[in-house]
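Note sheet for the following structure.
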Amino acid sequence: MSALLAKRLWGAAVIAAYVRGQRRASFLPRAELEALRDRRIRWMVRYAAKHVPYWREAFARTGVDPDTIRGAEELDRLPILDKELVRTKPELFVADTAAARRGLSFLTSGSTGTPISIRHDRRSLLANIAFGEREREVVNRACGGSFRPKELYVSYQTSTFKKVEAFYAENALLPVQPLRRFVSLLEPVEKVAAIANEERPDLLVGYGGWLDLFFKTVHARGLPLHRPKLVMYMGEALARDGRELIEKTYGIPVMSRYNAVESFKIGFFCDLRTGFHVHEDLCHVRVVDAEGRTAAPGETGAVVISNLINRASVLLNYPIGDVASLSDEPCACGRTFRLLSELEGRLEDTIRFPNGSFVHPRAIWEVFKRDPEVLQYRLIQRETRRFTVELATVDEASFSHALERARPDLERLLGPGAVLEAIRHEVLHRRQGEKFRAVVSLRPAATGSGEGSAATTAVAGPAAAGFSGRVRSTSTP
Ligand SMILES: [Zn+2]
């Protein structure tokens with residue numbers, strides 16, 4: 001038997017071992033689900049204390065006996081990880097086991113600059129295919145029950161994506177290959193619409209920001225568009241007005257998945273589309289307030305995750321950098337996995353001023369959301385009180401109109417003395433491999449414990465009085 005075949009058979013066996021029961025996993029009675037989650041937490045904490053340098057040292061230093069961590073409740077009492085430490089010293093979090101050594105490293109998308117290297121063991125990568133059954137079932141049903149919906153996937157083929165695909169191609173006999181056509185995110189809207197009209201996909205997948213721009217542009221220019229049965233956004237938030245356009249005007253339901261390089265499975269939408277059902281048995285999710293305490297249900301705060309599956313980079317109590325809230329209301333679909341709200345932007349996108357006041361990205365969104373002539377916006381903080389606002393508008397004339405409308409609100413938010421430069425673009429591009437950021441602040445906010453939910457109050461900008469800024473407008477093709 002060839003080595004390749006042996007590898008594939010092993011891969012298939014691992015997937016088969018995990019695939020049983022996946023479809024009903026999200027319907028497990030709470031007691032059973034919590035018992036499973038706590039069992040995995042106990043296992044991972046002991047593994048970490050024994051094999052992972054950071055955790056070995058942390059348990060020794062604090063005198064906490066790992067055996068006293070019986071489940072989520074005790075895990076939540078441990079300190080929240082310093083994300084900067086994971087970024088600068090990723091090797092401290094990698095287990096000294098063979099499973100970790102044989103694993104594969106991936107880089108986070110690094111919207112704040114330096115990406116983080118996260119290693120995944122091979123078994124967990126394969127198991128991830130089996131866990132995907134939970135999510136695929138919902139999507140297939142939304143696509144009219146098709147076993148293999150036709151996908152149009154607009155993206156960069158990121159290095160992570162390519163690496164995962166190559167790994168699966170080499171290590172598994174995949175039962176079902178997706179019918180997927182990739183289109184580069186850099187293609188003009190007209191071309192993507194033409195491809196959609198030709199391919200007639202069941203499912204359109206893209207970044208939240210891209211989908212927002214795509215549908216607004218198609219709508220504003222009156223382009224003909226084949227309506228897929230489902231739109232799926234990934235990687236970043238989808239603006240509410242963008243979603244409304246897709247759902248109400250185009251009549252296409254919108255779903256999403258919450259995943260990250262740090263944890264390939266965090267949450268997924270069910271048919272009712274009320275938020276992300278958290279894969280609680282794979283990734284323990286907590287939302288914390290500014291003091292690092294567990295936020296009340298419905299209260300917005302920083303998302304903290306513990307990956308319960310990956311045995312290479314062991315991340316427990318890791319502040320992933322997103323802002324959201326957890327609900328304690330059960331979902332009418334019958335799934336018992338808790339619901340996490342949709343993400344409200346990244347912590348690092350909050351603009352902070354030396355006097356402690358700040359502007360949340362949602363406040364900037366409020367300024368532009370109802371302006372039909374603004375297809376995209378980006379606000380960049382250049383210096384403490386110097387900003388560039390970039391707008392993609394329907395045409396040249398609409399740029400100056402939109403700017404006039406937005407100006408009073410921006411002046412109010414950014415405070416007295418702020419200098420604002422405005423530039424028109426046809427399209428706002430992101431840098432390769434990065435998430436699109438509508439607000440780019442000067443200094444990324446610290447992401448350790450306690451910093452998170454400072455971003456949760458919508459706006460605490462300086463008062464409106466006495467704005468003495470100037471607005472300079474530039475238009476670039
Ligand atoms: Zn549900």
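Okay, residues lined up against (1) of a type in the set (A, V, I, L, M, F, W, C); (2) at pLDDT 90 or above; (3) touching a His at 6+ places or on another chain (Cβ under 8 Å):
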residue: ILE129; (1), (2), (3): yes, yes, no
residue: GLY132; (1), (2), (3): no, yes, no
residue: ASN140; (1), (2), (3): no, yes, no
residue: CYS143; (1), (2), (3): yes, yes, no
residue: LYS150; (1), (2), (3): no, yes, no
residue: TYR156; (1), (2), (3): no, no, no
residue: LYS162; (1), (2), (3): no, no, no
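Looking at ARG335, ARG286, which one is assigned by TED's automatic domain parsing to the domain that holds ASP38 and closer than 21 Å to PRO79 by Cα? Answer to the selection: ARG286. Of all the criteria given as (1) assigned by TED's automatic domain parsing to the domain that holds VAL138; (2) touching a residue at least 24 places away in the same chain (Cβ under 8 Å), the one not satisfied by PRO330 is (2).
Within segment 265-289, the residues that satisfy the criterion of being away from the ligand (no atom under 15 Å from the Cβ) and in a strand (DSSP E or B) are LYS265, ILE266, CYS283, HIS284, VAL285, ARG286, VAL287, VAL288.
When segment 139-154 is filtered for residues that are in contact (Cβ under 8 Å) with a residue 60 or more places away in the chain and touching a strand residue (DSSP E or B) at 6+ places or on another chain (Cβ under 7 Å), the ones remaining, listed by number, are VAL139, ALA142, CYS143, PRO149, LEU152, VAL154. Being at pLDDT 90 or above, more than 16 Å from the ligand (Cβ to nearest atom) and either outside the structural domain of ALA72 (by TED's automatic domain parsing) or touching a Pro at 6+ places or on another chain (Cβ under 9 Å) (or both) is a property that ILE351 lacks. When the helices (runs of 4 or more DSSP H) confined to segment 18-130 are screened for residues that are surrounded by 14 or more Cβ atoms within 10 Å (Cβ to Cβ), those reaching at least 3 such residues are found at 30-51, 53-62, 72-75, 83-88.
Of the residues that make up segment 153-166, is at least one buried (at least 21 other Cβ atoms within 10 Å of the Cβ) and assigned to a helix (DSSP H, G or I)? Scanning segment 153-166 turns up no residue that is buried (at least 21 other Cβ atoms within 10 Å of the Cβ) and assigned to a helix (DSSP H, G or I). For segment 193-210, a residue qualifies if it is in contact (Cβ under 8 Å) with a residue 40 or more places away in the chain and not in a strand (DSSP E or B), and the qualifying residues are ILE195, ALA196, GLU199, ARG200, PRO201, ASP202, GLY208, GLY209, TRP210. Quick check: anything in segment 296-304 within 16 Å of the ligand (Cβ to nearest atom), charged (D, E, K, R) and surrounded by fewer than 21 Cβ atoms within 10 Å (Cβ to Cβ)? No.
Selection within segment 259-293: residues that are modelled with pLDDT under 95 and polar (S, T, N, Q). The member of this set that is farthest from ARG30 (Cα to Cα) is ASN259. The residue that is nearest to the chain's Cα centre (by Cα), among those in segment 317-334 that are modelled with pLDDT of 95 or more and hydrophobic (A, V, I, L, M, F, W, C), is LEU326.
The values are calculated or read from the model by the stated rules, or taken from the named source; none is laboratory data. Computed from a predicted model, the values in this text were never measured in an experiment. Cβ coordinates were reconstructed from backbone atoms using ideal geometry, including for glycine residues, and neighbour counts include every protein chain displayed.
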